[in-house]
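Below: the structure, in structure tokens.
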Amino acid sequence: MTALRWRTLPTRYGRVRLRVGRPAAGSHPPVVLVPGLAMSSRYMVPTAERLAARCEVAAPDLPGAGRSGPPIRPLSVAEMGDVVAEVTSRADLPAVVIANSFGCQIAVELALRHRELVARLVLTGPVLPPPLRTPTAAARAWARTQIHEPPGMLAVSLAGAVHTGARKGLRNFQQTLRYRLEERLASVVAPVLLVRGHHDRMAPRRWTRRLAALAERGRLVELPAAHALTYSSPTALARLVLDAAPHAARSAGPRHHQP
């Protein structure tokens, strides 16, 4: 595994801190990892470290989360996608974008608004299916999933929620409930790999199968885990990404900068 380093990136929406890693040599496309609701990049580290031995990686703390500064104003899902676009544009090639949970919504907006930056989407634990788009249903699914996560994951989740604060966390949660992932994903032109854990009640099998059918060159893989796959199944997830990455590189080609 390759150790990650912290970098600071000024964006139009606020200062972003990100963990980065770069291999001594590698032919795989760069990878950007997008965390979920009220989460820092901390739980992306196990997967990012494994990938950094083979490709350039960046795992940002979104504005208002982790070590990043607050946003200049409350951001929409689309604007958070723009923040990730500024991270992704650091690379010379389109990136493989790995997202988890609420981060999947952000990644889809990135792919729709900045398609030249995205070689492939890897959506892990995408939320939320229609039956879970109420606070009670979503909270119940989260609790039923959490008991299957590694013990350390609960502490990471609670630390992220406390740092984000109730007001911002509630606003983002409301955005999650309103977002229609199935409608937006159908317009994405990049190939999409969907990954769910067997014990994930927030991303049920029927829902993820539906998303895979809607997506461009969509494919679904299931792992023996729960929701936070970047934390609980980093080796298996990194292997899936690396196996798919050469195909992403061939289909995307070099990125052409706008004049």
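The values are calculated or read from the model by the stated rules, or taken from the named source; none is laboratory data. Just so it is clear, the model here is predicted, and its values are computed rather than measured. FYI the Cβ positions are ideal-geometry reconstructions off the backbone, even for glycines, and counts take in every protein chain you see.
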Checklist (1) surrounded by fewer than 21 Cβ atoms within 10 Å (Cβ to Cβ); (2) of a type outside the set (Lys, Arg); (3) within 15 Å of the chain's Cα centre (by Cα) applied to Leu128, failing item: (1)
Hits in the stretch 112-123 - residues which are buried (at least 24 other Cβ atoms within 10 Å of the Cβ) and under 19 Å from Arg180 (Cβ atoms): Leu121, Leu123
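For the stretch 162-184, what are the residues that are among the hydrophobic types (A, V, I, L, M, F, W, C) and either over 18 Å from the mean Cα position of the chain (by Cα) or more than 14 Å from Ser101 (Cα to Cα) (or both)?
Of everything in the stretch 162-184, those that are among the hydrophobic types (A, V, I, L, M, F, W, C) and either over 18 Å from the mean Cα position of the chain (by Cα) or more than 14 Å from Ser101 (Cα to Cα) (or both) turn out to be Val162, Ala166, Leu170.
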I need the full set of residues from the stretch 172-196 which are among the charged types (D, E, K, R) and surrounded by 15 or more Cβ atoms within 10 Å (Cβ to Cβ), in order please. Glu182, Arg184, Arg196
Ala58 is checked against (1) part of a loop (DSSP other than H, G, I, E, B); (2) closer than 13 Å to Met44 by Cβ; (3) among the small types (Gly, Ala, Ser) and fails just one. What number does that condition carry? (1)
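Would you check which residues across the stretch 135-152 are hydroxyl-bearing (Ser, Thr, Tyr) and loosely packed, with under 14 Cβ neighbours inside 10 Å and list them? Walk me through how you get there before you give the answer.
Here is the first cut: in the stretch 135-152, the residues hydroxyl-bearing (Ser, Thr, Tyr) are 136, 145.
Selection gives Thr136 alone.
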Would a scan of the stretch 63-72 turn up a residue that is surrounded by 17 or more Cβ atoms within 10 Å (Cβ to Cβ) and assigned to a helix (DSSP H, G or I)? no
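Taking the options Arg209, Arg201, Arg239, Arg144, name whichever one is modelled with pLDDT of 95 or more, charged (D, E, K, R), touching a Lys or Arg at 6+ places or on another chain (Cβ under 6 Å) and assigned to a helix (DSSP H, G or I). Spell out how you get there, then give the answer.
Numbers: Arg209 fails: touching a Lys or Arg at 6+ places or on another chain (Cβ under 6 Å); Arg201 fails: assigned to a helix (DSSP H, G or I); Arg239 fails: touching a Lys or Arg at 6+ places or on another chain (Cβ under 6 Å).
Only one candidate passes the filter, namely Arg144.
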Residue tally, condition touching a strand residue (DSSP E or B) at 6+ places or on another chain (Cβ under 9 Å), surrounded by 22 or more Cβ atoms within 10 Å (Cβ to Cβ) and assigned to a loop (DSSP other than H, G, I, E, B), over the stretch 7-39: 5
Kindly check whether there is at least one residue in the stretch 94-105 that is part of a strand (DSSP E or B), crowded, with 19+ Cβ neighbours inside 10 Å and touching a Gly at 6+ places or on another chain (Cβ under 7 Å). yes
Mind listing whichever residues of the stretch 15-54 are within 19 Å of Ala107 (Cβ to Cβ) and among the small types (Gly, Ala, Ser)? Gly36, Ala38, Ser40, Ser41, Ala48
How about the stretch 150-161: which of its residues are under 19 Å from the mean Cα position of the chain (by Cα) and either over 28 Å from Val192 (Cα atoms) or at pLDDT 95 or above (or both)? Leu154, Leu158, Ala159, Ala161
So which residues in the stretch 15-70 are of a type outside the set (Asp, Glu), in contact with a Ser or Thr (Cβ under 7 Å, 6 or more places away or on another chain) and without any contact (Cβ under 8 Å) to a residue 60 or more places away in the chain, if there are any at all? Arg15, Arg17, Arg19, Gly21, Pro23, Ala52, Ala53, Ala59, Pro60, Leu62
Pick from the stretch 153-171 the residues that are among the charged types (D, E, K, R) and touching a residue at least 24 places away in the same chain (Cβ under 8 Å): which of them is surrounded by the most Cβ atoms within 10 Å (Cβ to Cβ)? Lys168
